[in-house]
Amino acid sequence: MFPTLKIRDLSAKLPIIQGGMGIGVSMSKLAAAVANEGGIGIISGAQPGYQEDNFRTDNAESNIQGLIKELRKARELAPNGIIGVNFLAASKNYSDLVLAAVKEKADLIISGAGLPKSLPALVKGSNTKIAPIVSSGRAAATIAKIWDRKYDFLPDAVIVEGPLAGGHLGFSHDQLKSNELPNLKDLVIEVVEALKPFEEKYGRKVAVIAAGGVYTGADMAEMMEVGAAGVQIATRLVATEECDAHENFKQAYIDATEDDIEIIVSPVGLPGRAIRNNFTELAKQGAHKVTRCYNCLTGCNPATTPYCITDALVASVEGDVENGLVFIGQNGHRVTEMSTVHEVIESMRTEYDEYGSNK
């Protein structure tokens with residue numbers, strides 16, 4: 001039986017947080033489906049207004065509009081579920097997006113792609129829980145120290161993302177190309193230890209969530225044995241009926257082999273994991289020219305960037321998977337057929353129980 005995941009006064013009957021996948025891959029439908037199963041559903045806060053009419057003329061406002069719509073749709077679909085949002089700390093309108101989510105009473109805000117140093121101030125006075133994404137015990141201690149010193153605040157949860165995740169990664173190119181990648185279990189242990197002094201000071205636990213490469217219920221059980229309170233899964237939920245992406249996007253996951261998955265360079269200089277296709281091959285040749293800028297990310301210079309990540313991600317989520325960027329986790333090649341969120345959760349439940357009975 002799955003244990004309950006507690007994040008302060010939030011209680012999810014499944015210790016599963018659905019990973020935020022953007023642009024547009026995890027929106028209200030997928031988040032609500034996971035929430036209705038008893039997990040925590042997450043809407044991607046990366047360009048959530050990409051379907052709004054004013055997306056290209058007023059990007060910042062369109063994203064506020066889109067975010068509010070998606071949060072309200074998710075609430076309608078899962079009125080009793082736990083719904084959160086994942087925001088990139090590197091977003092230029094980060095504060096406005098977070099404040100909009102708080103106003104809509106999002107249950108949880110997860111934030112990565114940089115240290116979300118100001119996040120506690122943005123949720124002050126609300127019941128919204130916050131969880132930074134880290135890739136080491138050192139990073140966990142750093143953000144905990146900053147929040148402690150500046151805001152007298154302790155993270156409600158910490159997402160520990162290992163090197164096998166999809167999308168942007170918190171590891172260097174050299175680390176990812178080496179044969180000495182850190183093991184997610186070791187990272188969980190490291191983060192649990194790093195947070196203990198802060199837990200003692202505040203007299204409460206921080207829910208440590210293992211992410212990046214968690215695919216089966218057995219993986220989940222292994223993470224929880226070393227101190228994780230729950231796991232975050234994303235890749236395995238893409239090829240489901242409820243996933244918000246185009247059917248071609250889901251089929252790209254089903255068709256992908258292990259050799260099709262590669263590390264690419266993001267416009268903000270971070271490595272990322274994606275499916276090799278026509279887009280990634282042309283990107284290596286510097287063939288993508290940026291003709292317009294959405295002014296969406298700090299650290300992205302349209303004069304020097306290898307491609308526009310917004311246009312690349314929108315193309316793929318709308319179905320052009322050869323000429324768009326398709327982020328995927330390292331285990332994506334294990335996705336071989338369409339399913340439903342319920343079927344994925346039940347499979348993980350069986351795998352979890354089998355792992356326990358074989359111990």
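The values are calculated or read from the model by the stated rules, or taken from the named source; none is laboratory data. Quantities reported herein were computed from a predicted structural model and do not represent experimental measurements. Here the Cβ positions follow ideal geometry from the backbone for every residue, glycine too, while neighbour counts run over all protein chains shown.
Quick check on this structure: which one of LEU115, LEU88 is at pLDDT below 95 and either more than 24 Å from GLY332 (Cα to Cα) or surrounded by fewer than 18 Cβ atoms within 10 Å (Cβ to Cβ) (or both)? Criteria check complete, one pass: LEU115. The helices (runs of 4 or more DSSP H) falling completely within the stretch 269-359 that include 1 or more residues that are of a type in the set (Phe, Trp, Tyr) map to 278-284, 341-357. Cβ-Cβ distances below 9 Å connect the following pairs, each with a first residue in the stretch 316-338 that is surrounded by fewer than 19 Cβ atoms within 10 Å (Cβ to Cβ), a second residue that is of a type in the set (Asp, Glu) and part of a loop (DSSP other than H, G, I, E, B), and a separation of six or more residues or different chains: MET338/GLU241.
Select, from PRO182, PRO132, the only residue that is at negative phi, assigned to a loop (DSSP other than H, G, I, E, B) and either under 20 Å from the mean Cα position of the chain (by Cα) or crowded, with 18+ Cβ neighbours inside 10 Å (or both).
Numbers: PRO132 fails: assigned to a loop (DSSP other than H, G, I, E, B).
When all the criteria are applied, what remains is PRO182.
Residues that are more than 13 Å from GLY45 (Cβ to Cβ) and acidic (Asp, Glu) within the stretch 60-79 comprise GLU61, GLU76, listed in sequence order. Taking the criterion of being buried (at least 18 other Cβ atoms within 10 Å of the Cβ), more than 20 Å from ILE7 (Cα to Cα), in contact with a Gly (Cβ under 9 Å, 6 or more places away or on another chain) and modelled with pLDDT under 95, would at least one residue in the stretch 218-229 satisfy it? Scanning the stretch 218-229 turns up no residue that is buried (at least 18 other Cβ atoms within 10 Å of the Cβ), more than 20 Å from ILE7 (Cα to Cα), in contact with a Gly (Cβ under 9 Å, 6 or more places away or on another chain) and modelled with pLDDT under 95.
Checked against the criterion of being of a type outside the set (Gly, Ala, Ser), over 27 Å from ASP353 (Cβ atoms) and free of Cβ contacts under 8 Å to residues at least 40 places away in the same chain, the candidates GLN65, GLN47 yield just one match: GLN65.
Scanning the stretch 144-158 for residues that are in contact with a Pro (Cβ under 7 Å, 6 or more places away or on another chain) and surrounded by 21 or more Cβ atoms within 10 Å (Cβ to Cβ), which turns out farthest from VAL192 (Cα to Cα)? Steps first, answer last, please.
Step one: filter the stretch 144-158 for residues in contact with a Pro (Cβ under 7 Å, 6 or more places away or on another chain), giving 144, 147, 151, 153, 155, 158.
Subset that is surrounded by 21 or more Cβ atoms within 10 Å (Cβ to Cβ): 144, 147, 155, 158.
On the way: ALA144: 12, TRP147: 17, PRO155: 13, VAL158: 9 Å.
Ranking the candidates gives TRP147 first.
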